[in-house]
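Peer 1: First the structure, which I've put down as structure tokens, then a few questions once you've had a look.
Nothing in this text is a laboratory measurement; each read-out follows from the coordinates by a stated rule. Just so it is clear, the model here is predicted, and its values are computed rather than measured. Note that each Cβ is placed from the backbone with ideal geometry, even for glycine, and that neighbours are counted across all protein chains shown.
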Amino acid sequence: MLSQLYIENIAVIERVTIDFSNQLNVLTGETGAGKSILIDAINAILGQRTSRDLIRTGASSAVVSALFTEISGETEKTLESLGFNADEDRTLLLQREINSSGKGSCRVNGRPATVSVLKEIGNTLITIHGQNENYELLNADIPIQYLDDIGGLSSQLEEYRQAYYGLKQLKKEMDALSLDESQKARQIDLLTYQLQELEAADLQRGELEELVNKRTLFQNSEKIALAFQEAKEAVSGNEESSGALQAVQTAADAIQEIVPYFKELQPLSERLSALTYELDDCSEELRSYGEQIEYDPNELEAIEERLDLYYRLMRKYGNTEDELFDYYERAQSDLEAITLSDERLRELHKEYEQAEKHTQALAQELSEARKKAAKIFVGKLKAELSFLDMPGLRFLVRQSTCDLNRYGCDEIQFLISANPGEPPKPLSKIASGGELSRIMLGVKTVLSGSNLGKTMIFDEIDTGISGSAAQKVGLKLKEAAANRQVLCVTHSAQIAALGNHHFLIKKEVREGRTFTGVYPLDFEGRKRELARMISGVMVTDLTLKSAEEMLALAGFSNESS
């Protein structure tokens, strides 16, 4: 249920908070007051495309947030699949900011999200039924979804879709293997050449790093040898100086001579003696390392040639040593696949034939189930349309066969004949605004058993109707609101009088700026607004009395408010 809607800087709305309730919420106001702005704001929070033109003049951004309570299991599953969680009390907060710079932001329970995420979640929360161009009935995919809803065919459709997508995957594999002979020969030649070139190189994992290290060592061999020599002479000495070893040895001998006189010098003497042994070992290691450094121009040339081979192959087959080996393995696999493709293609053809038969059978079962659902749907809808002052209207479901698609093998179209003797035609061709409004309401009443968690919003469903027809539309809205939340934007006093909760959308001009507000009405406020809707600008005692009678007939009184 949509519990609260907050709108900031949308068109002529500066800042509005609306607290909705369950059952039937009606919204009324004069033409141009801003009723459509509310629908635009709700569409924005549901992830629909919006324009920066919505932002109020002078503002840099607009904000819409919607708080939903008692969300459905379907919404909870959708949130989970998208990586979000509902609060423990089953509440959900959606937020969207629209910036004049073109950059916006979305949040789900405070966490960053995308517009597409809002849209997917929104599809489980609210259905909006607008005027003619927005009606679901005119969407080609909707009729088949209605039949599946009323027939309870969701699991059957899911089973079919698994088979259908499996069939598409087999077809994709077959297409990938279906190369002509010349293409196949060229591919085999290329892969064979590449594999031979890589095999001839006799590449070894880790060799590239080893070669680079060796080359660096050889290129700096003179510098390294000189460093070892200098270090060794500093320790062991040379013809000109005695070195650290001799100096420490002299110090050790001197201290050892006076130990008998200073017993406390014994530890120091031992340390100096140990240091001479350590320096002697260091000298020997430095000599050994220095002898290992030999510069061989021939070996350096061989290393350079090997590195050139690696770099040339890497320019062709990968940027790193690992990518070279990965490419080699892929080329082997591709060559094997092409070589065996004829055999695999024959296997796939057999699998495809079996899968196609299975998928066709499931599609046919689904089609038969839809025929039964169509009869139930038409029968129930006929009763609803009769109540809505359309007893002579004939409503038919045309079911024809088409190529397999994600819905099966059916193409479903809704047809009507509004007048006796007239052949049935598609809804979009002949239905008037008033007829389409009532048909939509009738359909939603028939389908009221499904998607009970969704809020239904009707935007001016009273278009083109008045009198008893409007009264009956109001009664149907009231009936639909018995087990779900319904919001209705209306110009009809008959419909507005039946609302459990009434909001007035009012436009005002203050200091040269236009402001639209949304105000909940008490009984007296409702009476005055209904009187305005009945008579127009002039509200009289007579219209006020008529409005009070309408509210009384709907079960509302000043005492009950």
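Peer 1: Please report, to one decimal in angstroms, the Kirkwood hydrodynamic radius of the range 1-122 built from all distinct Cα-Cα pairs.
Peer 2: 15.0 Å
Peer 1: Taking GluC sites (Glu not before Pro) as candidate sites, keep only those in a DSSP loop with at most 12 other Cβ atoms within 10 Å, then name the longest stretch of the chain containing none of them.
Peer 2: Value returned for the longest uninterrupted segment is 295-510.
Peer 1: Within the range 269-373, which chymotrypsin sites (Phe, Trp or Tyr not before Pro) sit in a loop by DSSP and count at most 16 neighbouring Cβ atoms inside 10 Å?
Peer 2: Here the chymotrypsin sites (Phe, Trp or Tyr not before Pro) that fit, given the DSSP loop and packing criteria, are Tyr295.
Peer 1: In the P(r) worked out for the range 312-420, what percent of Cα pairs fall beyond 20 Å?
Peer 2: Of the Cα pairs, 67 percent sit more than 20 Å apart.
Peer 1: Along the charge dipole of the range 243-370, Cβ charges K/R +1 and D/E -1, which of Leu300, Gln256, Ser367 sits furthest on the positive end?
Peer 2: With unit charges placed on the Cβ atoms, the residue in question is Ser367.
Peer 1: With the contact rule set at Cα under 8 Å and sequence spacing of 6 or more, what percent relative contact order holds for the range 483-522?
Peer 2: Reported relative contact order: 32 percent.
Peer 1: Just to confirm a number: summing +1 for Lys and Arg and -1 for Asp and Glu over residues other than Arg346 whose beta-carbon lies under 14 angstrom from that of Arg346, what do you get?
Peer 2: Charge balance in the 14 Å sphere: -4.
Peer 1: Another question, if that's okay. Quick one: dipole size for the chain, taken about the Cα centre, charges +1 on Lys/Arg Cβ and -1 on Asp/Glu Cβ, in debye to the nearest 20.
Peer 2: That gives the chain a dipole magnitude of about 5900 debye.
Peer 1: Right, here's the next one. May I ask you to list the lysines whose Cα is less than 24 Å away from that of Lys380, ignoring any residue fewer than eight positions away on the same chain?
Peer 2: Lys371, Lys372, Lys425, Lys429, Lys444, Lys454, Lys472, Lys476, Lys478
Peer 1: Report the charge-dipole magnitude of the range 89-235 in Debye, nearest 20, computed about the Cα centre from +1 at each Lys and Arg Cβ and -1 at each Asp and Glu Cβ.
Peer 2: The dipole magnitude comes to about 600 debye.
Peer 1: Grab the other residues whose beta carbon is less than 15 angstrom from that of Ala274, score K and R as +1, D and E as -1, and report the net.
Peer 2: On the way: positive: Arg271; negative: Asp253, Glu270, Glu278, Asp280, Asp281.
After counting each charged neighbour, the total is -4.
Peer 1: Continuing with the same structure: Using +1 at the C-beta of Lys and Arg and -1 at the C-beta of Asp and Glu, which of Phe20, Thr75, Thr192 has the Cα lying farthest in the positive direction of the dipole of the chain?
Peer 2: Phe20
Peer 1: Let me ask another. Which one, Val63, Phe84, Ser273, projects farthest toward the positive side of the charge dipole computed for the chain from Cβ point charges (K/R +1, D/E -1)?
Peer 2: It is Val63.
Peer 1: Dipole size in debye (nearest 20) for the range 179-223 around its Cα centre, Lys and Arg Cβ +1, Asp and Glu Cβ -1? Before the final figure, lay out the partial values.
Peer 2: Values: 6 positive and 10 negative charges, 51 e Å.
It works out to roughly 240 debye.
Peer 1: Provide the FRET efficiency to the nearest 0.05 for the Tyr289-Glu257 pair, computing r from the beta carbons and using R0 = 25 Å. Please list the in-between numbers first.
Peer 2: Numbers: r = 36 Å, r/R0 = 1.43.
The calculated FRET efficiency here is 0.10.
Peer 1: Just rank Val473, Val397, fewest to most, by other beta-carbon atoms within 10 angstrom. Numbers along the way, then the final one.
Peer 2: Numbers: Val473 28, Val397 20.
Least crowded to most crowded, the residues run Val397, Val473.
Peer 1: Taking the chain as the reference, fit the longest principal axis to its C-alpha atoms, fit the long axis of helix 467-480 to the helix C-alpha atoms, and give the angle between the two in degrees, 0 to 90, nearest 10.
Peer 2: Once rounded, the angle reads 40 degrees.
Peer 1: Also, I was wondering about something else. Where the Cα atoms of the range 103-241 are projected onto their three principal axes, how long is each span, largest first, in whole Å?
Peer 2: Reported extents, whole Å, longest axis first: 107, 57, 29.
Peer 1: Excluding residues on the same chain fewer than 8 positions from Lys232, give the lysines whose Cα lies under 24 Å from its Cα.
Peer 2: Lys214, Lys223
Peer 1: Within the chain, what is the longest stretch that has no trypsin sites (Lys or Arg not before Pro) placed in a DSSP loop and near at most 12 other beta-carbon atoms within 10 Å?
Peer 2: 206-405
Peer 1: Now for a different question. Could you work out the local net charge near Lys382, counting Lys and Arg as +1, Asp and Glu as -1, over the other residues with Cβ closer than 14 Å to its Cβ?
Peer 2: Local charge sum for Lys382: +2.
Peer 1: Next question. Roughly how many whole Å is it from the C-alpha centroid of the range 16-94 to that of the range 277-317?
Peer 2: A separation of 71 Å, based on Cα centres.
Peer 1: If you don't mind, another one. Cα-based Rg of the chain per 2.2 N^0.38 Å, rounded to two decimals?
Peer 2: Normalised Cα radius of gyration, the chain: 1.72.
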